[in-house]
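Novice: Once you've had a glance at the structure underneath, I'll fire off some questions.
The values are calculated or read from the model by the stated rules, or taken from the named source; none is laboratory data. Quick caveat, the model's predicted, so the values are computed rather than measured. When we count neighbours, we look across all protein chains shown, and the Cβ atoms used for this are built from the backbone with ideal geometry, even at glycine.
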Amino acid sequence: MRIGILETGLAPDDLRAEHGSYPDMFARLLAGHGFDFRAWRVVEGEFPAGVHDAEGWLLTGSRHGAYDRLPFIARLETFIREARAAGVPLVGICFGHQIIAQALGGRVEKAAQGWQVGPQDYAFGDRTIRLNAWHQDQVVALPPGAEVIATHPACPVAGLRYGRSAFSVQAHPEFDAGFIAGLMATRGRGVVPEDRMAAARGRLDAPTDAAAIAERIAAFLHAARAESHV
């Protein structure tokens, strides 16, 4: 199954040599699930010709806000709506989670709770799943048809599902401990409160459940594809 990765942001240059690009991280996360990947740097204006250039779309994280008035954002929102209308499934991670919600009628804001950094425990129904986080924005109003599938005390809308159309999470299952540490050393200084980063450093050795989310993403994409071919 061909998955198109829409890069809505770029990994820091200082970290890319060791950790790879965001598409590299998602290829590692979803390895073994029957996918091949192609990436487009939509943050730089590089868009697919159409929503059928892939059988599913994955939208990455970004240092930008979904509410920023940047040229690529309005174009990306149109693409999201077109993909949904065409029945091509969407997966959103962090910014991707937010921009899907915004494009479909929700609202995204800087959260009063502030930054969430490092390993966090999310409630997915009756299961607790630990994932790395790196965000201060959140979905604060749901779009029509969205179902909350994950919550966190400081992030009530931590995961959304839109039937067979879209699946999204606020956390970063593709980020490992080393990359979070690198973000704190590069993008975090002077931006993320030091107490939040100190707390995150104390938890970085905790294992995450990224593989569990990879399974859910893969199951969603394969089920959506199967339904579209019925």
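Novice: So, Glu147, is that one touching a strand residue (DSSP E or B) at 6+ places or on another chain (Cβ under 7 Å) and over 16 Å from Arg196 (Cβ atoms) or not?
Specialist: The answer is yes for Glu147.
Novice: Residue check: is Phe175 touching a Phe, Trp or Tyr at 6+ places or on another chain (Cβ under 6 Å), buried (at least 22 other Cβ atoms within 10 Å of the Cβ) and touching a residue at least 60 places away in the same chain (Cβ under 8 Å)?
Specialist: No; evaluated as a whole, the condition is false for this residue.
Novice: Of all residues in region 54-70, which are of a type outside the set (Ser, Thr, Tyr), part of a loop (DSSP other than H, G, I, E, B) and over 18 Å from Phe175 (Cα atoms)?
Specialist: Correct list: Ala54, Glu55, Gly65, Ala66, Asp68, Arg69, Leu70.
Novice: Any idea how many residues of region 1-47 are part of a loop (DSSP other than H, G, I, E, B) and loosely packed, with under 14 Cβ neighbours inside 10 Å?
Specialist: 5
Novice: For Arg84, are the conditions met, namely being part of a helix (DSSP H, G or I), within 18 Å of the chain's Cα centre (by Cα), surrounded by 15 or more Cβ atoms within 10 Å (Cβ to Cβ) and touching a residue at least 60 places away in the same chain (Cβ under 8 Å)?
Specialist: yes
Novice: Can you pull out every residue in region 176-188 that is assigned to a helix (DSSP H, G or I) and within 22 Å of Phe26 (Cβ to Cβ)?
Specialist: Answer for region 176-188, where residues must be assigned to a helix (DSSP H, G or I) and within 22 Å of Phe26 (Cβ to Cβ): Ala177, Gly178, Phe179, Ile180, Ala181, Gly182, Leu183, Met184, Thr186.
Novice: Quick one: would you say Gly34 is among the small types (Gly, Ala, Ser), at pLDDT 95 or above and within 14 Å of Gly182 (Cα to Cα)?
Specialist: no
Novice: Looking at (1) more than 30 Å from Gly32 (Cβ to Cβ); (2) not in a loop (DSSP other than H, G, I, E, B), which is the one condition that is false for Val191?
Specialist: If we test Val191 against (1) more than 30 Å from Gly32 (Cβ to Cβ); (2) not in a loop (DSSP other than H, G, I, E, B), just (2) comes out false.
Novice: Please give the number of the condition Arg28 fails out of (1) touching a helix residue (DSSP H, G or I) at 6+ places or on another chain (Cβ under 8 Å); (2) touching a residue at least 40 places away in the same chain (Cβ under 8 Å); (3) over 20 Å from His64 (Cα atoms).
Specialist: Every listed condition holds for Arg28 apart from (1).
Novice: Right, here's the next one. Can you pull out the strands (runs of 3 or more DSSP E) entirely within region 103-163 that have at least 3 residues that are closer than 19 Å to Arg201 by Cα?
Specialist: 116-124, 127-135
Novice: Identify all residues within region 186-200 that are at negative phi and surrounded by fewer than 15 Cβ atoms within 10 Å (Cβ to Cβ); write none if there are none.
Specialist: Hits for region 186-200 are Thr186, Arg189, Val191, Pro193, Glu194, Asp195, Ala198, Ala199.
Novice: Go over the candidates Leu30, Leu6 one by one and state the one that is under 21 Å from Ile99 (Cβ atoms) and touching a Pro at 6+ places or on another chain (Cβ under 9 Å).
Specialist: Leu6
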